[in-house]
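Q: Structure below; questions to follow.
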Amino acid sequence: MAKKESYAVIGIGQFGAAICESLVAAGQEVLAIDSNPEVVNELANTVMRAIVADAQDEDALREVDIGHFDHVYISIGKNIEASIMATLITKDLGAPDVVCRAENVNHARVLERVGADMVVRPEHDLAKRLIFQQLNPTLVDYVNLSKETTLAEVNVNNPKFYGKTIGEIDFRNRYRVNVIIIVSENDEINQMPQADDVIQPHDKITVVGSTKDIQRLNELIQD
């Protein structure tokens with residue numbers, strides 16, 4: 001089970017409710033905050049605690065000791081002003097990790113400037129992920145670690161790679177990616193592959209590198 005930490009979710013729309021449900025499913029204790037009593041009542045039996053409060057009210061957030069939560073999610077919907085104020089107040093009260101939902105790129109920029117530790121745009125991010133997967137259908141899975149760096153799992157389906165060692169293929173210099181995991185066709189996992197480890201037919205390799213380099217490798221490593 002994941003380490004228990006303290007979580008607060010401010011703004012219980014569809015995204016906020018999904019965050020709460022996922023945290024509860026992971027065994028975490030959650031404080032849910034929203035200005036709508038009906039929304040709070042609906043969630044009261046799911047989370048550890050649910051309260052009605054205005055996210056722009058500094059006294060209300062101080063009263064729940066928002067600054068001492070390990071993680072705070074601010075998922076206020078289209079009220080951009082409330083989202084910005086809640087972020088500013090939460091950071092001023094000492095919260096170490098504040099994740100915010102943004103409606104658009106300008107909203108995201110303001111949230112970053114007032115102290116948000118991470119800003120997400122769920123619809124935008126989902127669309128990017130969908131298009132990326134459609135354009136790269138042979139990638140098993142991937143995670144964007146930053147704007148420039150991606151971690152991806154790639155199926156090795158090109159016979160030209162079979163029976164060769166990592167060193168012979170020279171992933172680092174030739175393809176500018178690092179191989180960090182190899183999973184064989186029968187699901188044996190090599191978590192620290194060395195230069196003399198051999199690539200076998202239909203291995204899955206987890207690589208780290210720039211998104212562009214991983215896309216290039218993915219094209220070459222298929223049939």
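The values are calculated or read from the model by the stated rules, or taken from the named source; none is laboratory data. Since we're looking at a predicted model, the values are computed, not measured. Cβ: placed from backbone, ideal geometry, glycine included. Neighbour counts: every protein chain shown. These accessible areas exclude ligands, DNA and RNA; they are computed on the full protein's heavy atoms, side chains included. Shrake-Rupley method; radii C 1.70, N 1.55, O 1.52, S 1.80 Å.
Q: Given the structure, is GLU148 at pLDDT below 95, open to solvent by 100 Å² or more (accessible area, probe 1.4 Å) and not basic (Lys, Arg)?
A: yes
Q: Only one of these conditions is not met by GLU168: (1) touching a residue at least 24 places away in the same chain (Cβ under 8 Å); (2) open to solvent by 80 Å² or more (accessible area, probe 1.4 Å). Which number is it?
A: (1)
Q: Are any residues in segment 170-223 under 25 Å from the mean Cα position of the chain (by Cα) and of a type in the set (S, T, N, Q), and if so, which ones?
A: ASN178, ASN190, GLN191, THR206, SER210, THR211, GLN215, ASN218
Q: In segment 25-56, what count of residues is obtained for those that are crowded, with 17+ Cβ neighbours inside 10 Å, outside any loop (DSSP other than H, G, I, E, B) and under 20 Å from the mean Cα position of the chain (by Cα)?
A: The qualifying residues number 1.
Q: Only residues that are aliphatic (A, V, I, L, M) and either open to solvent by 20 Å² or more (accessible area, probe 1.4 Å) or part of a helix (DSSP H, G or I) (or both): list them for segment 65-75, please.
A: ILE66
Q: From the list HIS107, HIS124, which residue is more than 20 Å from ALA8 (Cα to Cα) and free of Cβ contacts under 8 Å to residues at least 24 places away in the same chain?
A: So the residue among HIS107, HIS124 that is more than 20 Å from ALA8 (Cα to Cα) and free of Cβ contacts under 8 Å to residues at least 24 places away in the same chain is HIS124.
Q: Name the residue that is nearest to GLN28 (Cα to Cα), counting only residues in segment 48-80 that are in contact (Cβ under 8 Å) with a residue 60 or more places away in the chain and of a type in the set (Gly, Ala, Ser).
A: SER75
Q: Give all pairs with beta carbons closer than 8 Å in which a residue from segment 143-164 that is touching a residue at least 40 places away in the same chain (Cβ under 8 Å) and within 24 Å of ILE131 (Cβ to Cβ) meets a residue that is of a type in the set (Asp, Glu) and open to solvent by 50 Å² or more (accessible area, probe 1.4 Å); count only pairs at least 6 apart in sequence or on separate chains.
A: Within 8 Å, the pairs are ALA152/ASP141; GLU153/ASP141; ASN157/ASP223.
Q: Quick test for you: out of VAL177, VAL208, pick the one residue that is in contact with a Phe, Trp or Tyr (Cβ under 7 Å, 6 or more places away or on another chain) and closer than 14 Å to THR149 by Cα.
A: VAL177
Q: Does ILE180 meet the test of being surrounded by fewer than 17 Cβ atoms within 10 Å (Cβ to Cβ) and farther than 30 Å from ASN106 by Cβ?
A: yes
Q: Kindly list, by first and then second residue, each pair from a residue in segment 1-24 that is more than 14 Å from VAL52 (Cα to Cα) to a residue that is crowded, with 22+ Cβ neighbours inside 10 Å and of a type in the set (Lys, Arg), limited to pairs with Cβ atoms under 6 Å and residues at least 6 apart or on different chains.
A: PHE15/ARG101
Q: Let me ask something additional. I need a count of the residues in segment 150-180 that are touching a Pro at 6+ places or on another chain (Cβ under 9 Å) and under 11 Å from VAL208 (Cα atoms).
A: Residues in segment 150-180 being touching a Pro at 6+ places or on another chain (Cβ under 9 Å) and under 11 Å from VAL208 (Cα atoms): 2 in total.
Q: Pick from ALA152, ALA127: which is among the small types (Gly, Ala, Ser) and either under 14 Å from ILE221 (Cβ atoms) or more than 17 Å from the chain's Cα centre (by Cα) (or both)?
A: On inspection, the qualifying residue turns out to be ALA152.
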